[in-house]
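K.L.:
Okay, here's the structure, questions in a sec.
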Amino acid sequence: MVIFFIYLGGAVSLLALQGVFTLIQKHNITYPNIYEKLYSMFEPEIFHTKFKARLFYLADIFLSSTHLPENLVAAFVKRLARLSLISPPQDAVIILYFIGNLLLRHLGLKRLISASEPEESKLNEKYWR
Amino acid sequence: MLENLPLTPILLTLEVVFVEVLKRRDMLTSSSEDKKDSEAATKYRDWLKERYGETWSLVLKGIGSDKSVDSSQSLITCMKLLAAEGKYPLDNEDALHFPRKRLRSILDCIISEKRSQLSVIQSFKEYAQYLDVVQNCWNTLSIIIKKAASFKNETWALNYLELANAIPLSKAVQDEAKLLVPLSDKAPGAELFEYNNTRKFINRVWHSLMLWLNSDVPEAVHKQMLIVLLECVLAHLEKPVLLTDFLMDSLDCGKYNPR
């Protein structure tokens, strides 16, 4: 019963977030921790509600800007990747597509899947001489 | 025993009979009457009007039926009679007005306090493609909620919100401009679609809905209010900035904590 109310509460928050987004985008309202709020909605329980499609749609819009800090987007990518391990298979496919799109939009995030440290350390040594 | 009879054939028969009677103008009160046969004709006309009134009561009662097939068919019959009465009015040669009183009686039956009317509202969505139905529904909904004054009960509120969600004033509906009751050229200008008027009705409905928040509103109603806001109302609000408090409170409703 408690979990049911959590789901219900999450659905209300998600719908409200979409309304807040419209106000921010079209009517110059500000909401300071909007990305934190969106981040907090990515929980395992969300896959058992009928509003998950809306959450992914909203997240896609929120993270579509290439001006976002990379660490913010990287946090979302990491969380989504962890969720894909425990989500139902059909949702895991959607998450992977979403992660792929985020990596394509923010090229700096490539190091999350392909680290190239040895070459970078050589470059740094060149300037130390 | 009569209550166990299937309603659908009865509704369809009544629909066919009275649509034909309306088309033939048998119930039309003519201004110039020949006095010789006026008594018999008047008696016949009055008798027909009484039967017509009885038909409306029965069909409206059918909307509250327990069987979803019967309630949906009752709604369809009501709307067809409404359309026919709009095109062939009882008191005029020309179609001058949309039959708002009939629409009000239909919506009063749909927005029930006793049972959820989801199946009927699903059937009603078919009429949401008509611009005149959408405009007059928002007008009627603004009157209904004003007269209700406060939050009645959860079932009533959910039926009201589901109905509001079923009639969005989208760009597609405005562009297509399909009419259920095409009015004649002599119809007054106030009967024709005017976006600003419909916008006023939508804003009135939303302001009245906001008053519900003064009392404790169940979560399901709160969620449905947000859905109606996002799908139907937000694009037409005159002062959307006033939503800020409501949306911030709703955001805090969620039990998720940022980690």
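K.L.:
Tell me, what are the semi-axes, in whole angstrom and largest first, of the equivalent ellipsoid of chain B as set by the roots of 5 times the Cα gyration tensor eigenvalues?
P.N.:
Semi-axis lengths for chain B are 39, 22, 14 Å.
K.L.:
Got the relative contact order for segment B:98-238 handy, in percent, Cα pairs under 8 Å and 6 or more residues apart?
P.N.:
Over segment B:98-238, the number comes to 34 percent.
K.L.:
Right, something else. How about segment B:49-118: which GluC sites (Glu not before Pro) there are in a DSSP loop, with at most 13 other Cβ atoms within 10 Å of their Cβ?
P.N.:
B:Glu93, B:Glu113
K.L.:
Return the average number of partner chain Cβ atoms within 10 angstrom of each residue Cβ along peptide A:17-23.
P.N.:
6
K.L.:
Same structure again: Taking amide H atoms as placed 1.01 Å from N in the peptide plane, list the residues 5 or more away in sequence, or in a different chain, whose amide H sits under 5 Å from that of B:Ala95.
P.N.:
The answer is B:Ser184.
K.L.:
Would you compute, for the Cα atoms of segment B:144-183, the largest minus smallest coordinate along each principal axis and list the three values in descending order, in whole Å?
P.N.:
37, 20, 13
K.L.:
Further question: With N residues in segment B:21-114, what two-decimal value do you get for its Cα radius of gyration over 2.2 N^0.38 Å?
P.N.:
That works out to 1.25 for segment B:21-114.
K.L.:
Applying the Karplus parametrisation 6.51 cos²θ - 1.76 cosθ + 1.60 with θ = phi - 60° to the phi angles of segment B:39-44, what ³J(HN,Hα) value in whole Hz is obtained for each residue in order, glycine and proline being reported as x?
P.N.:
So the Karplus estimates, Gly and Pro as x, are 5, 5, 5, 5, 4, 4 Hz.
K.L.:
Please state the relative contact order of chain B as a whole percent: Cα pairs under 8 Å, 6+ residues apart?
P.N.:
After rounding, I find 19 percent.
K.L.:
At 7 Å along the Cα-to-beta-carbon direction for both A:Leu107 and A:Asp60, put a label point, then send me their distance in nm to one decimal.
P.N.:
Roughly 2.4 nm, to one decimal.
K.L.:
Take segment B:59-156, compute every pairwise Cα distance, and split them into 5 Å bins from 0; I just need the percent in each bin.
P.N.:
For segment B:59-156, the binned pair fractions read 2, 13, 22, 24, 20, 12, 5, 2, 0 percent.
K.L.:
Let me ask something additional. With only alpha-carbon atoms counted, please give the Rg and Dmax of the protein assembly as shown, in Å.
P.N.:
Cα radius of gyration and Dmax of the protein assembly as shown are 28.2, 122 Å respectively.
K.L.:
Right, another one. Would you be so kind as to identify which of B:His222, B:Cys137, B:Ala166 lies farthest towards the positive end of the dipole of the protein assembly as shown, taking Lys and Arg as +1 and Asp and Glu as -1 on Cβ and the Cα centre as origin?
P.N.:
B:His222
K.L.:
Roughly what angle does helix B:100-110 make with the longest principal axis of chain B, taking Cα atoms, 0 to 90 degrees, to the nearest 10?
P.N.:
Here the helix axis deviates by roughly 60 degrees.
K.L.:
While we're here: I'd like the Karplus ³J(HN,Hα) series for segment B:161-170: coefficients 6.51, -1.76, 1.60, θ = phi - 60°, whole numbers in Hz, and an x wherever there's a Gly or Pro.
P.N.:
These are the phi-based 3J(HN,Hα) values: 5, 5, 5, 4, 5, 7, 10, x, 8, 7 Hz.
K.L.:
DSSP loop (so not H, G, I, E, B), at most 16 other Cβ within 10 Å: list which GluC sites (Glu not before Pro) in segment B:147-247 pass both filters.
P.N.:
Sparse-neighbourhood loop GluC sites (Glu not before Pro): B:Glu194, B:Glu238.
K.L.:
A further question on this structure: Under 12 Å from a point 7 Å along the Cα-to-Cβ line of B:Tyr195: which residues of segment B:202-238 have their amide N that close?
P.N.:
B:236, by backbone N distance to the label point.
K.L.:
Per-residue HN-Hα couplings for segment B:113-121, Karplus 6.51 cos²θ - 1.76 cosθ + 1.60 at θ = phi - 60°, whole Hz, x for Gly and Pro?
P.N.:
Running phi through 6.51 cos²θ - 1.76 cosθ + 1.60 with θ = phi - 60° gives 8, 9, 9, 6, 10, 4, 5, 5, 5 Hz.
Laboratory data are not the source of any read-out in this text; all were calculated from the coordinates shown. This structure is a prediction, so every number in the text was calculated from the model and none was measured. Neighbour counts run over all protein chains shown; Cβ positions are idealised from the backbone, glycine included.
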